[in-house]
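What follows is a set of notes on a single structure, which appears directly below.
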Amino acid sequence: MTRVTSQFTFCSPSKILRQAVIEQNNFNITTAIFNLGNSNIEPANTLFLDGIISNAIISLKENIRAEKIAGQTYEYQYLDLSYSFPIDEIKPTKKPLILDFGTNDFEVINNTLTQTNKMLMHFTVFEIIAACTYYPALLLNISNSIEVNNYSRLVLWENIDFENKKITQQTRIRVI
C-alpha cells in the first residue's frame with residue numbers, strides 16, 4: 001500500500017483536487033482518495049510530493065496506426081509533437097487539445113516539453129495534462145480518471161508555475 005499527495009491531483013478536467021491523498025495497493029488500484037486537511041486518517045507513510053499528480057501520459061501513435069489517427073481525432077485539436085515544431089504558438093479552440101509525444105519515454109517527453117514550452121503558453125497546466133492523459137484515454141475507451149477501484153499509473157508533474165497555472169522551461173514528468 002502506498003500513499004502520495006501533492007498540491008494538486010488531476011483526476012479529470014472536471015475534478016482537480018487540492019492536497020488529496022491517493023492510496024494505492026501493490027497493483028496500482030486506487031483504494032482511497034481523501035483530503036489531507038479534512039482527514040481523520042493518520043498521514044503516516046504518506047509521501048509528500050511537490051507538483052501535480054496525474055495518470056500516466058498516453059501516446060495515440062503507440063496505440064493507433066498512424067493512418068487512422070486523423071479519422072479518430074477530428075473532434076480534437078490534435079498536435080503531434082513527435083516531429084519538428086514549426087508553429088510558434090498554439091491557441092485554444094473549442095475542441096479539446098490532444099498532445100501526442102509519439103512515445104511514453106519520459107526522457108523524450110521532458111525534452112519535448114522544454115522545446116514546446118512557449119508554443120503551449122496559452123494553455124493552463126491542467127489543459128496540458130488533460131491533453132496528454134485524459135483525452136487520449138477517452139478516445140481509446142480506456143480508464144481515464146483517478147478514482148477509487150480504478151487502475152492508475154501515477155506520474156508527477158514537477159516545477160510548475162502554480163501562481164499562473166502554467167508549465168515552465170523546467171517542468172518535468174516522472175513516474176511516482
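The values are calculated or read from the model by the stated rules, or taken from the named source; none is laboratory data. Bear in mind the structure is a predicted one, so any value in this text is a computation, not a measurement. With ideal geometry, Cβ positions are generated from the backbone for all residues, glycine too; neighbour counts draw on all protein chains shown.
The table for this structure:
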| read-out | value |
| --- | --- |
| Extreme residue, nearest to R174 (Cα to Cα), among residues of region 69-101 that are touching a helix residue (DSSP H, G or I) at 6+ places or on another chain (Cβ under 9 Å) and of a type in the set (S, T, N, Q) | S82 |
| Extreme residue, surrounded by the fewest Cβ atoms within 10 Å (Cβ to Cβ), among residues of region 52-72 that are assigned to a loop (DSSP other than H, G, I, E, B) and out of contact with any Lys or Arg (no Cβ under 9 Å at 6 or more places or on another chain) | R65 |
| Residue that is in contact with an Asp or Glu (Cβ under 8 Å, 6 or more places away or on another chain), of a type in the set (D, E, K, R) and surrounded by fewer than 16 Cβ atoms within 10 Å (Cβ to Cβ), where the choices are K118, K94 | K118 |
| Positions within region 42-68 being acidic (D, E) and more than 16 Å from I176 (Cβ to Cβ), in sequence order | E42, E62, E67 |
| Condition met for Y78 (farther than 22 Å from S143 by Cβ and of a type outside the set (A, V, I, L, M, F, W, C)) | no |
| Long-range neighbours under 8 Å by Cβ, at least six apart or interchain, first residue free of Cβ contacts under 8 Å to residues at least 60 places away in the same chain within region 44-68, second part of a helix (DSSP H, G or I) and surrounded by 13 or more Cβ atoms within 10 Å (Cβ to Cβ) | K61/I69 |
| Single match in Y83, Y78 (criterion: at pLDDT below 95 and buried (at least 18 other Cβ atoms within 10 Å of the Cβ)) | Y78 |
| Only one of N104, N55, N111 that is touching a helix residue (DSSP H, G or I) at 6+ places or on another chain (Cβ under 6 Å), of a type in the set (S, T, N, Q) and closer than 15 Å to R174 by Cα | N55 |
| Filter result for the condition that a residue is in contact (Cβ under 8 Å) with a residue 60 or more places away in the chain, of a type outside the set (G, A, S) and under 23 Å from T5 (Cα atoms), over L156, L113, L140 | L156 |
